[in-house]
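Written below as structure tokens is the structure these notes are about.
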Amino acid sequence: MTRPAEAIAERHEFPRLSSNDSATRQIVVRLLLSITGDGAVADAVVTSTSGTPSLDAFAIAWVKERWRYRPALQNGVPIAVTTMAIVQFL
């Protein structure tokens with residue numbers, strides 16, 4: 001039996017932009033994440049861009065540094081997995 005990786009809510013904050021422009025509220029980057037057996041984000045690849053390469057790169061760095069998961073389990077043993085994630089800039 002396999003249990004998927006679960007996001008740890010208190011470790012999944014979204015990045016804030018300094019702009020007060022309401023258009024920034026619509027900035028979203030979709031990522032494919034590689035999650036290690038201990039729940040860290042080992043790698044992230046953009047699957048849907050924000051349209052701004054620097055924001056895409058920032059989203060990757062943000063997620064790799066800050067986000068954590070409860071590891072996926074296979075027969076009770078932690079395993080590495082991939083998962084999709086959406087990063088919305090606030």
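Taking the stated definitions as given, is Arg16 at negative phi, in a strand (DSSP E or B) and not hydrophobic (A, V, I, L, M, F, W, C)?
No; evaluated as a whole, the condition is false for this residue.
Out of the residues in segment 57-90 meeting the condition of being touching a helix residue (DSSP H, G or I) at 6+ places or on another chain (Cβ under 7 Å) and of a type outside the set (A, V, I, L, M, F, W, C), tell me which one is surrounded by the most Cβ atoms within 10 Å (Cβ to Cβ).
Among them, the one singled out is Arg68.
Is it fair to say Arg11 is touching a Lys or Arg at 6+ places or on another chain (Cβ under 9 Å), modelled with pLDDT under 95 and of a type in the set (D, E, K, R)?
Against the criterion (touching a Lys or Arg at 6+ places or on another chain (Cβ under 9 Å), modelled with pLDDT under 95 and of a type in the set (D, E, K, R)), Arg11 qualifies.
I'm trying to understand the selection: among the residues of segment 19-42, which are modelled with pLDDT of 85 or more, of a type outside the set (D, E, K, R) and in a loop (DSSP other than H, G, I, E, B)?
If the condition is that a residue be modelled with pLDDT of 85 or more, of a type outside the set (D, E, K, R) and in a loop (DSSP other than H, G, I, E, B), then Ile27, Thr36, Gly37, Gly39 are the ones that fit.
Report whether or not Ser54 is part of a helix (DSSP H, G or I) and surrounded by fewer than 18 Cβ atoms within 10 Å (Cβ to Cβ).
Considered against the rule, which asks whether it is part of a helix (DSSP H, G or I) and surrounded by fewer than 18 Cβ atoms within 10 Å (Cβ to Cβ), Ser54 comes out as yes.
The values are calculated or read from the model by the stated rules, or taken from the named source; none is laboratory data. Since this is a predicted model, take the numbers as computed values, not measurements. With ideal geometry, Cβ positions are generated from the backbone for all residues, glycine too; neighbour counts draw on all protein chains shown.
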